[in-house]
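Report on the structure given below.
The values are calculated or read from the model by the stated rules, or taken from the named source; none is laboratory data. Bear in mind the structure is a predicted one, so any value in this text is a computation, not a measurement. Reconstructed Cβ throughout: ideal geometry from the backbone, glycine too, with neighbour counts over all protein chains shown.
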Amino acid sequence: MVRELFAAASIAALVAAPSLAHAWGALSVSEDGEHYGYSYDYDSEAAAKKRARSECGGCDWVVTFRNTCAAYAQAESGHWGWSKGETRQAAEKGARRQCRGAGGNSCEVLVWGCDTK
């Protein structure tokens, strides 16, 4: 009985896994850090990039993420940073750390996203 339940649970996990493979997000930031755009839960990397770039106003710099979280932090001085993480908190912490490392003080997270598909 335990073996049958384990087998059923394993099959259910494998069936559910393909939907996770389609969760894409992107973060796009202008060179000066003043403009940004983001997306999450898109079925393709290209669609996620397109949405983030359009929100940013056509920014060239884009990073994508899949089945995880990402965050963007900025300081009043214009210094900025981004990070990926397994959780929202980890992504935000990394983004603030990168922002401070770039010379920013009082870095605040402006946007975060986690893929949920």
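Points to keep in mind about this one:
- Taken over segment 57-82, the criterion of being within 16 Å of residue 30 (Cα to Cα) and out of contact with any strand residue (DSSP E or B) (no Cβ under 6 Å at 6 or more places or on another chain) is satisfied by 57, 58, 60, 75, 76, 77, 78, 79.
- Enumeration of residues in segment 42-65 that are part of a loop (DSSP other than H, G, I, E, B) and surrounded by fewer than 16 Cβ atoms within 10 Å (Cβ to Cβ): 43, 44, 57, 58, 60
- Number of positions in segment 58-109 that are in contact (Cβ under 8 Å) with a residue 40 or more places away in the chain and within 23 Å of residue 46 (Cα to Cα): 10
- Whichever residue in segment 70-92 is touching an Asp or Glu at 6+ places or on another chain (Cβ under 7 Å) and part of a strand (DSSP E or B) and, among such residues, is surrounded by the fewest Cβ atoms within 10 Å (Cβ to Cβ): 74
- Residue 37 in contact with a Leu (Cβ under 8 Å, 6 or more places away or on another chain), among the small types (Gly, Ala, Ser) and either under 21 Å from residue 91 (Cβ atoms) or modelled with pLDDT of 90 or more (or both): yes
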